[in-house]
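Asks: Sharing a structure here in structure tokens format.
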Amino acid sequence: MNKLIFPFVFVAVLTGQIAFGQESSQPAPKQPSALAGTDSPEALREHVPVLPAVRAKYWNIDPAIGYGVKDFGNGVFALSDNGWQSAFLVTDAGVIVFDALASYGKHIPEAIAKVTNKPIKMLVYSHIHKDHIGGSVAFKSIPGLQIIALDTVSNFLKEMNDPNRLIPTVTFKTSKTIKLGDKTVELTRHNYHSNEGDLFIYVPEAKFLMAVDSVTSGYVPFQDFDLTTNFHEYMKMFDEILAYKFDNFIGGHLTDTGTRKDVEITKEYTSDVYQTVKRIHNGLNERAFDAEIAKTIGPDNEFLIFKALLNKVTRDSVAELEPRWINRLAGVDVWLPSHVRAALIYVRWDDKE
């Protein structure tokens, strides 16, 4: 594969004038670089293709319909358009929908009608993000519909006043058990991703767990570890997921639903990123590095000196991690630099030594 190009380059004065002894053996960056932000055809071709094992698990979706449905058994059905995922639960007293996505949310009622004549009774929001609940407007005319969410999610949506994200009618703080007909749904608050909180959605009768924006089967997480606002809690999330007894798992995105193995692999990847960044950061002689930078630009431009330090840690971490993961998970060359940055922010400012 082509060598990964580090995206956080120094400004022109540094790239043109400084040669660090620590990096003398590294080849000069190629230009243009896909990871430096360009979308030229040449740069885009630098990226590694999606792994064949991941491609093999794409859903076979009729483009005329735009989404697919899979029966997980015990009343649980998963939906996907190979970009987003949601689910619904059929009980003998009605249907509970888990998320109404902006991409295909308007089609969810028709998808349900194809498998049952039971009415839609409840809609559960996993969190606030509009890509996951921005299609809820399609449920606006359903009589007596309960929209269930965390109280903090409801407060945020009231403030946003977004017509595409309906305001919840039932809220709770930490946990809630829903009983509808012959089925039970357990909702539990977590804080691994969104400021307003995230839900684990569990159907014990079906051994089904939904934890949106957590694990993307076959892929590394999305940018900045799924845009997490709390990396400390994010690292705990994997064991919290694995504490459940589940056979089928939905993480909310892309081309395959997950298993326990997918959660374990993503946990391993996240831990490797964190431990590698911590070791490289804590092992760097910061005083000597800063002094070397100051020889060229002077000691007064402290922001630029510190930026160079962070870039050094990020670049070295990416160079070590990429070979270990590039053939195990898809998207490593796309999002690994952002994952390293997220871990570095935690290591530098929040972590213990």
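The values are calculated or read from the model by the stated rules, or taken from the named source; none is laboratory data. Source: prediction; values computed, not measured. As a convention, Cβ positions derive from the backbone with ideal geometry for all residues, glycine included, and neighbour counts pool all protein chains shown. Accessible surface areas use protein heavy atoms only, side chains included; no ligands, DNA or RNA. Shrake-Rupley method; radii C 1.70, N 1.55, O 1.52, S 1.80 Å.
Asks: Please compute the per residue accessible area over the range 263-342 with all protein chains in place, 1.4 Å probe, rounded to a whole number of Å².
Replies: 44
Asks: What distance in nm separates the simple spin-label points at Glu159 and Glu186, each placed 7 Å from Cα in the Cβ direction?
Replies: Distance between label points: 3.2 nm.
Asks: Quick one: of the DSSP bridges fully inside the range 69-222, what percent are antiparallel, nearest 5?
Replies: Here the share of antiparallel DSSP bridges comes out near 75 percent.
Asks: When DSSP assigns beta bridges and you keep just the ones with both residues in the chain, what percent turn out antiparallel, to the nearest 5?
Replies: 70
Asks: Let me ask something else. Once R0 is set to 41 Å, what does the formula 1/(1 + (r/R0)^6) return for the Cβ-Cβ distance between Glu286 and His47, expressed as a FRET efficiency to the nearest 0.05?
Replies: Computed FRET efficiency for Glu286 and His47 comes out at 0.80.
Asks: Now, a different point. Sort 187-200, 57-70 by the packing proxy (mean of other Cβ within 10 Å over each peptide's residues), most packed first.
Replies: 187-200, 57-70
Asks: Return the carbon/sulfur percentage of the accessible area of the chain, one whole number, probe 1.4 Å, all protein chains in place.
Replies: 52
Asks: Mind checking the full-extension length gain between Lys114 and Asn327? Use 0.36 nm per residue of separation minus the Cα-Cα distance, one decimal, nm.
Replies: Contour length minus the Cα-Cα distance gives 72.7 nm.
Asks: Can you tell me how much longer the chain between Lys70 and Lys295 gets when fully stretched, taken as 0.36 nm per residue apart minus their C-alpha distance, in nm with one decimal?
Replies: Extending this stretch completely gives an extra 74.8 nm.
Asks: Work from the charge dipole of the chain (Cβ charges, +1 for Lys and Arg, -1 for Asp and Glu, about the Cα centre) and give the residue of Ile305, Ala149, Asn230 farthest towards its positive end.
Replies: Going by the charge dipole, the pick is Ala149.
Asks: In the chain, how does Rg compare with the Kirkwood Rh, expressed as the Rg/Rh ratio over alpha carbon atoms?
Replies: Rounded to two decimals, Rg/Rh equals 1.04.
Asks: Now for a separate question. Once you order the gyration tensor axes a ≥ b ≥ c over the Cα atoms, which shape class does the range 67-189 get: rounded for a/c under 1.5, otherwise prolate or oblate by comparing a/b with b/c?
Replies: Note, shape of the range 67-189 comes out oblate.
Asks: Do the sum for the chain: with -39,500 (n - 2.57) for every DSSP H run of n ≥ 4, divided by all residues, what is the mean residue ellipticity at 222 nm, to the nearest 500 deg cm²/dmol?
Replies: Roughly -11000 deg cm²/dmol at 222 nm, from the helical runs in the chain.
Asks: Sum up the charges of everything whose Cβ sits under 10 Å from the Cβ of Glu233, counting Lys and Arg as +1 and Asp and Glu as -1, but leave Glu233 out.
Replies: In short, -1.
Asks: Out of residues 5 or more away from Gly135 or on other chains, whose amide H comes under 5 Å of its own, with H placed 1.01 Å from N in the peptide plane?
Replies: Close amide H contacts, sequence-distant or interchain: Ala100, Leu101, Ala102.
Asks: Related question: Could you work out the local net charge near Gly181, counting Lys and Arg as +1, Asp and Glu as -1, over the other residues with Cβ closer than 10 Å to its Cβ?
Replies: Neighbourhood net charge equals +2.
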